[in-house]
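S.K.: I'd like to ask some things about the structure below.
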Amino acid sequence: MGTRSTLDVAEQVQVLEGVKKDFARHYSFHDGSLNEELIFQARVREINRTIKGVKKAIKGLPSMAEDHLDRVLLMTMTRNPEEVAAEIQKAQNLLLEFLLEKEKDMCRTKKSKNRRIRDIETFYAPDQVETEDLRQRLVEQGYEFNDPVDRETLIDTCYERQSEYGLCFDYASRTLGNKGGYYRYQLSWGGPQEEFRFFVDPDGFLRRVEFWYLDWGTGERIVLKDKEFALLKGVFEFFQEIGMTHIEK
């Protein structure tokens, strides 16, 4: 599932809430007459179409919500709004649990992205970092300075250690879910796996950069914008200059 919009899922939760109320309202107006029965059956068919639409929208989610909605489709003609509402509520609860987990995943992804952006700035644009902050960043990376060091030395240290940062820069061929391949700056591997993905157009111009945080069973991405995009564009141009983008596609 990975990148399905949480807004889409939240919208389906609201759709189900409307279905729950709609079914109860139409059932309460049913007076047993033939005309009311025909109206009720027509409304049930419309409700079932809505339920099927929700199922399609959430297809593939790692939850049992679809199973409960299948039961709803079998129950809507049973004249038991309480049971229908209970099954819809179970589906809603599962979707809400999914949204909560997605929110946690995105928080981890943002935290990881911010940390990696800070590292990239340190090793690829140290001249943009204040001297004392730069020294502290290098200390956090495990470097020790026994004597006072000037700014030029700090900047030189960053550039000298640049090649030690990250695991690899390569080209990932077209895969399931991707219309085309992308260049990848992989920073960690396993659980979690962190990487920046660079998407170029047919003329070789960089058009999008994404940060990906991949853990067991989950995967979230953040599209970089503004200053972060400009920073990673500089990284991509660095790899271009040293010939790393001349990879067979």
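The values are calculated or read from the model by the stated rules, or taken from the named source; none is laboratory data. Bear in mind that the values here come from a model prediction, so they are computed numbers and not experimental data. Cβ: placed from backbone, ideal geometry, glycine included. Neighbour counts: every protein chain shown.
S.K.: Right, ARG184: of a type in the set (D, E, K, R) and assigned by TED's automatic domain parsing to the domain that holds GLU237 or not?
M.R.: For ARG184, the condition - of a type in the set (D, E, K, R) and assigned by TED's automatic domain parsing to the domain that holds GLU237 - is met.
S.K.: Only one of GLU17, GLU37 is farther than 26 Å from ASP215 by Cβ, part of a helix (DSSP H, G or I) and modelled with pLDDT under 75; which?
M.R.: Details: GLU17 fails: modelled with pLDDT under 75.
Exactly one of GLU17, GLU37 is farther than 26 Å from ASP215 by Cβ, part of a helix (DSSP H, G or I) and modelled with pLDDT under 75, namely GLU37.
S.K.: Given the options PHE239, PHE229, name the one that is in a helix (DSSP H, G or I), at pLDDT below 95, closer than 19 Å to GLU194 by Cα and not hydroxyl-bearing (Ser, Thr, Tyr).
M.R.: Exactly one of PHE239, PHE229 is in a helix (DSSP H, G or I), at pLDDT below 95, closer than 19 Å to GLU194 by Cα and not hydroxyl-bearing (Ser, Thr, Tyr), namely PHE239.
S.K.: In the range 199-226, what count of residues is obtained for those that are surrounded by 14 or more Cβ atoms within 10 Å (Cβ to Cβ) and assigned to a loop (DSSP other than H, G, I, E, B)?
M.R.: 1
S.K.: Taking the condition of being outside any helix (DSSP H, G or I), without any contact (Cβ under 8 Å) to a residue 40 or more places away in the chain and closer than 28 Å to VAL209 by Cβ, how many residues in the range 146-176 meet it?
M.R.: Looking only at that region, the number is 7.
S.K.: Pull out all pairs, ordered by first then second residue, where Cβ-Cβ is under 7 Å, the residues are six or more apart or on different chains, the first lies in the range 33-57 and is more than 16 Å from PRO81 (Cα to Cα) and assigned by TED's automatic domain parsing to the domain that holds GLU17, and the second is loosely packed, with under 13 Cβ neighbours inside 10 Å and of a type in the set (Asp, Glu).
M.R.: ALA57/ASP8
S.K.: Any residue in the range 104-127 that is within 22 Å of the chain's Cα centre (by Cα), within 30 Å of ALA24 (Cα to Cα) and not hydroxyl-bearing (Ser, Thr, Tyr)?
M.R.: no
S.K.: Could you tell me whether ILE51 is surrounded by 13 or more Cβ atoms within 10 Å (Cβ to Cβ), under 26 Å from the mean Cα position of the chain (by Cα), more than 18 Å from LEU99 (Cβ to Cβ) and at pLDDT 75 or above?
M.R.: Numbers: surrounded by 13 or more Cβ atoms within 10 Å (Cβ to Cβ): yes; under 26 Å from the mean Cα position of the chain (by Cα): yes; more than 18 Å from LEU99 (Cβ to Cβ): yes; at pLDDT 75 or above: yes.
Here the answer is yes, as ILE51 does meet what is asked.
S.K.: Then there is this: Of the numbered conditions (1) aromatic (Phe, Trp, Tyr); (2) within 28 Å of the chain's Cα centre (by Cα); (3) not in a strand (DSSP E or B), TYR143 satisfies every one except a single condition; which is it?
M.R.: Of the numbered conditions (1) aromatic (Phe, Trp, Tyr); (2) within 28 Å of the chain's Cα centre (by Cα); (3) not in a strand (DSSP E or B), the odd one out for TYR143 is (2).
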